[in-house]
Amino acid sequence: MLDLILDSLRVISLPMKVNFRGINHREVALFQGPQGWAEFSPFLEYSDEESARWLACSIEAATQVPPKLYRSSVGVNATMPALNGESEITQILAGFPGCTTVKIKVGTNEKQDLERIATVRKLNPRSKIRIDVNGLWSVDQAAKFLELCGEIEYVEQPCATVAELRELKSRVDVKIVGDEILRKSANLFEIDLNGAIDILMLKVQPLGGIKNAHALAAHHKIPVIVSSALESAVGINYGLTLAASFEEMSYDCGLGTGSLLAKNVAEIPIVDGKMQIQRFEPNFDGLETSANRFDWWKNRIMRTAALLG
Ligand SMILES: [Mg+2]
């Protein structure tokens, strides 16, 4: 398996339009198997242990026959990074044509967060708003913010722990989505999410691939939604495949994040708020990293593959 990965390995650095989760370049490793190109792209600071599930996913993508799909395109949300200013927000929203749901990053500054939501509402009065807190709030902070921010579709990972999410759920009516609570847990099947969340966020790489994501959805028995890990078009296409492989998908998915990249290995356009699952040849022109970065990823892959056994 390792030979297959290393034979076709390319390490790509994608420039971003705006700073998102503290980065302005997204580095990803891509390789080719019998099923086509696959992506391995845990963020640089992730440990080998945490990266193991990401590698299992990319091996699945490269080698396993894709699942049965229930649709050829997937509805997606606009993703609004933590930035303010009407012109910046207008520019970001323009990258998501036809999207009627906007996911807004909040959690670090209450005043700016509320302003960001108000600006999106002003520019897009009919869109549904969802917010993603990445676990930054206490229960009290979350309850207060949810009272101030007006009607929203849901709040994603408002607090960090299961106990806090449960307490918040008993205090507010807003739907709660669990993201980090699942994908950052050491044992995906042991964690008890009962009474803590209403919707389960599935990200295909962090959860170890499509088969594992389905097993998790069946195990936890909570409605699901699919989002990206800010992948290149190759990884996004696999996320779209996961989203389309659920018979029931009632929510717009967070898979339009390619719009936050200034360059990509392929374009999967958003048309009328939807993205189509594709077959494409990635184009690496001008995107490959230095030999140093290639070696760094090669070593990371060898160490992580050793953990998979
Ligand atoms: Mg999230």
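The values are calculated or read from the model by the stated rules, or taken from the named source; none is laboratory data. These numbers come from a predicted model, not from an experiment. Because the Cβ atoms are built from the backbone with ideal geometry, glycine has one as well, and the counts that use them run over all protein chains shown.
The table for this structure:
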item: So Gly98, is it in contact (Cβ under 8 Å) with a residue 40 or more places away in the chain and in contact with a strand residue (DSSP E or B) (Cβ under 8 Å, 6 or more places away or on another chain); result: yes
item: In the stretch 146-165, residue farthest from the chain's Cα centre (by Cα) [restricted to those that are within 16 Å of the ligand (Cβ to nearest atom) and more than 13 Å from Leu193 (Cα to Cα)]; result: Ile152
item: Residue, nearest to Gly258 (Cα to Cα), within the stretch 5-38, restricted to residues that are among the polar types (S, T, N, Q) and without any contact (Cβ under 8 Å) to a residue 40 or more places away in the chain; result: Asn24
item: Options Ala291, Ala213; residue that is closer than 18 Å to Ala61 by Cα and of a type in the set (A, V, I, L, M, F, W, C); result: Ala213
item: Residue list for the stretch 221-265, filter: assigned to a helix (DSSP H, G or I), under 21 Å from Val102 (Cβ atoms) and touching a residue at least 60 places away in the same chain (Cβ under 8 Å); result: Leu240, Ala243, Thr257, Ser259, Leu260
item: Set Leu200, Leu114, Leu168, Leu193: member being in contact with a helix residue (DSSP H, G or I) (Cβ under 7 Å, 6 or more places away or on another chain) and within 14 Å of the ligand (Cβ to nearest atom); result: Leu200
item: Residue in the stretch 202-215 that is at pLDDT 95 or above, buried (at least 20 other Cβ atoms within 10 Å of the Cβ), of a type in the set (Lys, Arg) and out of contact with any His (no Cβ under 9 Å at 6 or more places or on another chain) present; result: yes
item: Residue within the stretch 260-276 that is under 20 Å from Ile59 (Cα atoms), more than 16 Å from the ligand (Cβ to nearest atom) and among the charged types (D, E, K, R) present; result: no
item: Residues that are more than 9 Å from Val226 (Cα to Cα) and either under 14 Å from the mean Cα position of the chain (by Cα) or buried (at least 20 other Cβ atoms within 10 Å of the Cβ) (or both), drawn from the stretch 246-256; result: Phe246, Gly256
item: Single unsatisfied condition, Cys57 versus (1) touching a Gly at 6+ places or on another chain (Cβ under 7 Å); (2) free of Cβ contacts under 8 Å to residues at least 60 places away in the same chain; result: (2)
item: Residue within the stretch 203-224 that is within 27 Å of Lys122 (Cβ to Cβ) and either within 15 Å of the ligand (Cβ to nearest atom) or within 17 Å of the chain's Cα centre (by Cα) (or both) present; result: no
